[in-house]
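Only one structure is covered here, and it is reproduced in the block below.
The values are calculated or read from the model by the stated rules, or taken from the named source; none is laboratory data. Since we're looking at a predicted model, the values are computed, not measured. Cβ atoms come from the backbone with ideal geometry, glycine included; neighbour counts cover every protein chain shown. Accessible surface areas use protein heavy atoms only, side chains included; no ligands, DNA or RNA. Shrake-Rupley method; radii C 1.70, N 1.55, O 1.52, S 1.80 Å.
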Amino acid sequence: MSRSMPTGFGAATGRVVALAISLAFVSAAAAQQEPASFDRDQLEELALANNPTIAQASAAYRAAVGERLQAQLRPNPAIGYEGHEIAFKRPGESTTHMFFVEQPILLGGKRRQRTEVAAREEDLAGIEVEARKLRVLTDVRAHYYAALAADRRVDVRTRLTGLAEQAVEITRQLMNTGAAARPDLLEAQIQARRAGLDLERARAQRSRVRSQLAAVVGVGEVAAASLEGSLETEIPRLEFSALLADIFERSPQTELGHKDLERAEAVVRSARAEGKPDLSLLGGFGWNSDRLDVGVEAVGWQAQFGVRLELPVSDRNQGNIAAALAMRELAVDEIRRIELTIRSRLAQVFALYEEGREAVTVYRDEILPAANEAYELFVASHQRMAASFPQVLIAQRTLFQAEQEYIEALGETWVAIATIEGLLLDDGLAAPSFLPGSVTPSASGHQ
């Protein structure tokens, strides 16, 4: 039974070449004191080539292929020698020397059933490779969008800090002319200090997100690289029922559940076959030096034949059969659990998508234009001495807070979309859930 490698194995060489080119680009950019730059596609290719969990899943697949090949093999014959009636005083007389060949023969379809179990495990290992790639890609996309949002937050906080520091200087100048009092200066200094702390927090968050992105990609240089792309592209319209049907149809977790049920049923058949006895045939020849009477020639060459059949009196493999039946029940319930988990997880992620998409629309079309106009009006009024400087600071804070919330909504929306694109599979650094010979794979935790 021949089986092809899972999709993507043939592209391993291409990914290694892509990695070499990208790392060469990073080195060249570092030599020129310029930061490297990556877009989402490049990050995905690097992750597929470098994430260790994909290599682990691929190794598990190759192990499953080896186990299937082993299960197909017939039992080896045995050769041996037997000596009978060997007298120490006269070793050449009344002795029999026999050479034989013994061949075990598996009955009850054992080899066929063992091969079927191993083939189902090979299928599971192949599906796990594809699932692992999806998990890695989902994490790359989610961290990529989170990093873009973190960059935007730093930009906003940097601008706000600069304006807050300018406000302190302007307030000092106004105090010199009597247009502002000390409380105004204290308020401006407090706002500048708070803006500085918010900027440091934004930078720390950006560093954390970049480190997570570099970890899932498997290339440390990504943490310091610049990212190409924008959060402000058109957000797609998604529909819950269509997404649910699509995930049920295409999710590797759903396929894993059904394939594992097939494996469990094969294990039951194999356990029943193992309870049947095997046959062993023996044949040989040898020399018998025994003399039937004085002066008579030795008996000479002799043949030997034997048949051995184990009697299944007490051990009929009934314990393993019971265990296999229980595992089949577990596999049936696992399919239902996976379906319910997918439905629940999609409901959570889709709610984040809907909330984020609505927030992005409201902030972009209503709140930000209004906050920007209010800020500009207060600045103009202050220049005409019709509004106090604290009012300008309040309007400024409102505008930047709105921008911050707009960026948060954009980031959360695109992270939710990335999770849906990945069929709800994430956690690209978790160990593969399936290894050959392991118990029923589970979708818990990240499905």
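Among (1) in a helix (DSSP H, G or I); (2) farther than 21 Å from L160 by Cα; (3) modelled with pLDDT under 95; (4) open to solvent by 70 Å² or more (accessible area, probe 1.4 Å), which single condition is R269 missing?
Single failed check for R269: (3).
Examine the range 283-292 for a residue that is over 22 Å from the mean Cα position of the chain (by Cα), open to solvent by 60 Å² or more (accessible area, probe 1.4 Å) and farther than 30 Å from E310 by Cα, and state whether such a residue exists. Give the derivation first.
Within the range 283-292, the first condition is being over 22 Å from the mean Cα position of the chain (by Cα), and the residues that meet it are 283-292.
Next, only the ones that are open to solvent by 60 Å² or more (accessible area, probe 1.4 Å) stay: 285, 287, 291-292.
Within this subset, residues satisfying the condition of being farther than 30 Å from E310 by Cα are 291-292.
Scanning the range 283-292, I find at least one residue that is over 22 Å from the mean Cα position of the chain (by Cα), open to solvent by 60 Å² or more (accessible area, probe 1.4 Å) and farther than 30 Å from E310 by Cα, so the answer is yes.
Condition first: of a type in the set (S, T, N, Q) and either open to solvent by less than 40 Å² (accessible area, probe 1.4 Å) or not in a helix (DSSP H, G or I) (or both). Now tell me which residues in the range 65-79 satisfy that. So that I can check it myself, show each step before the final result.
Keep residues of the range 65-79 that are of a type in the set (S, T, N, Q), which gives 70, 72, 76.
Passing the criteria: only N76.
Given the residues Y353, Y363, which is the only one that is open to solvent by 10 Å² or more (accessible area, probe 1.4 Å) and either of a type in the set (F, W, Y) or under 43 Å from the mean Cα position of the chain (by Cα) (or both)? Spell out how you get there, then give the answer.
Numbers: Y353 fails: open to solvent by 10 Å² or more (accessible area, probe 1.4 Å).
Of Y353, Y363, the one residue that is open to solvent by 10 Å² or more (accessible area, probe 1.4 Å) and either of a type in the set (F, W, Y) or under 43 Å from the mean Cα position of the chain (by Cα) (or both) is Y363.
Is it true that L368 is without any contact (Cβ under 8 Å) to a residue 40 or more places away in the chain, over 24 Å from E187 (Cβ atoms), open to solvent by less than 50 Å² (accessible area, probe 1.4 Å) and touching a Phe, Trp or Tyr at 6+ places or on another chain (Cβ under 9 Å)?
yes
Of the residues A225, A215, which is open to solvent by less than 30 Å² (accessible area, probe 1.4 Å) and either at pLDDT below 95 or within 27 Å of E130 (Cβ to Cβ) (or both)? Please lay out each step first, then the result.
On the way: A215 fails: open to solvent by less than 30 Å² (accessible area, probe 1.4 Å).
Unique residue meeting the criteria: A225.
Please work out which residue is surrounded by the fewest Cβ atoms within 10 Å (Cβ to Cβ), limiting yourself to the range 293-323 and to residues that are on the phi > 0 side of the Ramachandran plot and at pLDDT below 90. Outline the logic, then answer.
The initial filter retains those residues of the range 293-323 that are on the phi > 0 side of the Ramachandran plot, namely 295, 300, 317.
So of that shortlist, the ones also at pLDDT below 90 come out as 295, 300.
On the way: G295: 5, G300: 10.
That would be G295.
Scan A223, A214 and give me the residue that is out of contact with any Gly (no Cβ under 7 Å at 6 or more places or on another chain) and either hydrophobic (A, V, I, L, M, F, W, C) or assigned to a helix (DSSP H, G or I) (or both).
Selected residue: A223, the only one of A223, A214 that is out of contact with any Gly (no Cβ under 7 Å at 6 or more places or on another chain) and either hydrophobic (A, V, I, L, M, F, W, C) or assigned to a helix (DSSP H, G or I) (or both).
Here are some conditions: (1) surrounded by fewer than 16 Cβ atoms within 10 Å (Cβ to Cβ); (2) of a type outside the set (D, E); (3) within 30 Å of L410 (Cβ to Cβ). A326 meets all but one. Which one does it not meet?
(3)
Select from the range 371-417 the residues that are within 47 Å of the chain's Cα centre (by Cα) and at pLDDT below 85 and write down the one among them that is surrounded by the fewest Cβ atoms within 10 Å (Cβ to Cβ).
I394
List pairs: first in the range 313-335 and polar (S, T, N, Q), second open to solvent by 100 Å² or more (accessible area, probe 1.4 Å) and assigned to a helix (DSSP H, G or I), Cβ under 9 Å, 6+ apart or cross-chain?
N317/R272
Any residue at all in the range 108-122 that's outside any helix (DSSP H, G or I) and open to solvent by 30 Å² or more (accessible area, probe 1.4 Å)?
Scanning the range 108-122, I find at least one residue that is outside any helix (DSSP H, G or I) and open to solvent by 30 Å² or more (accessible area, probe 1.4 Å), so the answer is yes.
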